[in-house]
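Structure, as structure tokens:
The values are calculated or read from the model by the stated rules, or taken from the named source; none is laboratory data. Everything quoted here is computed from the prediction, not taken from an experiment. Heads up, the Cβs are rebuilt from the backbone with ideal geometry, glycines too, and the neighbour counts pull from every protein chain shown. Each accessible area value is taken on the protein alone, full model and side chains, heavy atoms only, with ligands, DNA and RNA left out. Shrake-Rupley method; radii C 1.70, N 1.55, O 1.52, S 1.80 Å.
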Amino acid sequence: MHWQGEIEAAAERIRPYVQQTPVIQTRGFGLDYPVELKLEHMQHTGSFKARGAFNTLLSQEVPDGGLVAASGGNHGAAVAYAAHQLGHKARIYVPEMAGPAKISLIERTGADLQVVPGAYANALELAQAYEQETGAMQVHAYDAPATVAGQGTCFSEWQAQGLQADTLLIAVGGGGLIGGALAWFSGTRKIVAVEPETSCALNAALAAGQPVDVEVSGVAANALGAKRIGSICFELAAAQGVTSLTVPDSAITQAQTVLWRERRILVEPAGATALAALMCGAYRPAAGERVAVLICGGNIAPDPLG
């Protein structure tokens, strides 16, 4: 697949509907080197997910049955928002573990929200059943070409903004975001995958040589808690020899706290996970290595102003 062409087309397609998110160069966080941050938590609905949602809806014909999506929260909010902006009906399945802040965010879009027991995998099963029953179009959270191409626009945008880093650290759940990075850069930058120790589908898949099911828990599970890595991401990551790291929950919450205290950047645990790898020493740059971190999600729970 010609990923760069697909991502360029996606960027043109979604440009009227998404935010160009800012980039900052900063020092701090207990590090003795500068870090470049892209603040993608400032995207519509508080995460990068709006990119993939809009690209999917704008590149395909939406059937009379409307849209259906399963989500840990952020993807559902993005699909619901995109559907509302484009005039489509949408049913969104989320697990109870999504939490009240993300559930409320989806409710405000007017989508048909279904909160179900269990984890993301349970919501996906119900979404797939609804798709079969109604003919609704499934908008997959991470393992679909249109989703990956949409998320890849984050990185084509960052490059156009003057990205200087040799190495990008990116948090991983199901793999749509880092899949977009791998697809866009195609080996021209070092990509480091960062996952919580207790939600590490990509790390487990790379160790096993194929996607495998993992148990999911921890502070970032409602955003990074995919039970199995997407096949698109796995193939790209394996082919490019991506560096895969895990970090403990304590490092994630520490990074989340320091982002607020030092830069007044308020993010959910998933949004702090990539930075946590630098702060706790899971990733140590070489002398002179320039590093960048994607801040991917800002839907903190509970909503501090809710």
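Can we say Glu235 is free of Cβ contacts under 8 Å to residues at least 40 places away in the same chain, under 25 Å from Glu96 (Cα atoms), open to solvent by 30 Å² or more (accessible area, probe 1.4 Å) and not aliphatic (A, V, I, L, M)? Quick ask: steps written out before the conclusion?
Working: free of Cβ contacts under 8 Å to residues at least 40 places away in the same chain: yes; under 25 Å from Glu96 (Cα atoms): no; open to solvent by 30 Å² or more (accessible area, probe 1.4 Å): yes; not aliphatic (A, V, I, L, M): yes.
In short, no.
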#### Entry: Val216, sole failed condition from (1) open to solvent by less than 60 Å² (accessible area, probe 1.4 Å); (2) part of a helix (DSSP H, G or I)
(2)
### Task
State which residue is farthest from the chain's Cα centre (by Cα) when the search covers only segment 154-168 and only residues that are open to solvent by 10 Å² or more (accessible area, probe 1.4 Å) and either among the small types (Gly, Ala, Ser) or within 30 Å of Tyr120 (Cα to Cα) (or both).
Gly162
### Task
Taking only segment 283-301 into account, find how many residues are assigned to a loop (DSSP other than H, G, I, E, B) and either in contact with a Lys or Arg (Cβ under 9 Å, 6 or more places away or on another chain) or touching a residue at least 40 places away in the same chain (Cβ under 8 Å) (or both).
9
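Would you kindly identify the strands (runs of 3 or more DSSP E) lying entirely within segment 3-110 that contain at least 3 residues that are within 18 Å of Ala141 (Cβ to Cβ)? Walk me through how you get there before you give the answer.
On the way: elements: 23-26, 35-39, 67-70, 90-95.
In segment 3-110, 67-70, 90-95 are the strands (runs of 3 or more DSSP E) which contain 3 or more residues that are within 18 Å of Ala141 (Cβ to Cβ).
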### Task
Examine segment 253-274 for a residue that is in contact with a Ser or Thr (Cβ under 6 Å, 6 or more places away or on another chain) and among the hydrophobic types (A, V, I, L, M, F, W, C), and state whether such a residue exists.
no
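Residue-by-condition table, conditions (1) closer than 24 Å to Cys200 by Cα; (2) under 20 Å from the mean Cα position of the chain (by Cα); (3) of a type outside the set (Gly, Ala, Ser):
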{"site": "Val79", "(1), (2), (3)": "no, yes, yes"}
{"site": "Pro95", "(1), (2), (3)": "yes, yes, yes"}
{"site": "Ala121", "(1), (2), (3)": "yes, yes, no"}
{"site": "Gly152", "(1), (2), (3)": "yes, yes, no"}
#### Entry: Among the residues listed as Thr253, Thr273, the single one being in contact (Cβ under 8 Å) with a residue 12 or more places away in the chain, β-branched (Val, Ile, Thr), closer than 15 Å to Ile170 by Cβ and in a helix (DSSP H, G or I)
Thr273
### Residue ID - least open to solvent (accessible area, probe 1.4 Å), chosen from residues in segment 18-39 that are closer than 25 Å to Ser104 by Cβ and out of contact with any Lys or Arg (no Cβ under 9 Å at 6 or more places or on another chain)
Leu39
### Query
Within segment 117-132, is even one residue in contact with a Pro (Cβ under 7 Å, 6 or more places away or on another chain), assigned to a helix (DSSP H, G or I) and without any contact (Cβ under 8 Å) to a residue 60 or more places away in the chain?
yes
## Note on the structure
Of the residues in segment 56-91 that are under 20 Å from Ala226 (Cβ atoms) and polar (S, T, N, Q), the one that is surrounded by the most Cβ atoms within 10 Å (Cβ to Cβ) is Asn74
### Task
Return yes or no: is Ala276 more than 15 Å from Ile178 (Cα to Cα), touching a strand residue (DSSP E or B) at 6+ places or on another chain (Cβ under 8 Å) and modelled with pLDDT under 95?
no
### Message
Looking at segment 246-262 only, could you name the residues that are in contact with a strand residue (DSSP E or B) (Cβ under 7 Å, 6 or more places away or on another chain) and open to solvent by less than 30 Å² (accessible area, probe 1.4 Å)?
### Response
Val247, Ile252
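Being modelled with pLDDT of 95 or more, of a type in the set (Lys, Arg) and either out of contact with any strand residue (DSSP E or B) (no Cβ under 8 Å at 6 or more places or on another chain) or within 24 Å of Leu126 (Cα to Cα) (or both): is that true of Lys49 here? Can you show your working first?
Numbers: modelled with pLDDT of 95 or more: yes; of a type in the set (Lys, Arg): yes; either out of contact with any strand residue (DSSP E or B) (no Cβ under 8 Å at 6 or more places or on another chain) or within 24 Å of Leu126 (Cα to Cα) (or both): yes.
For Lys49, the condition - modelled with pLDDT of 95 or more, of a type in the set (Lys, Arg) and either out of contact with any strand residue (DSSP E or B) (no Cβ under 8 Å at 6 or more places or on another chain) or within 24 Å of Leu126 (Cα to Cα) (or both) - is met.
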### Scan of segment 263-295 for residues that are more than 19 Å from Thr198 (Cα to Cα) and open to solvent by less than 20 Å² (accessible area, probe 1.4 Å), ordered by number
Ile265, Val267, Val291, Ala292, Val293, Leu294, Ile295
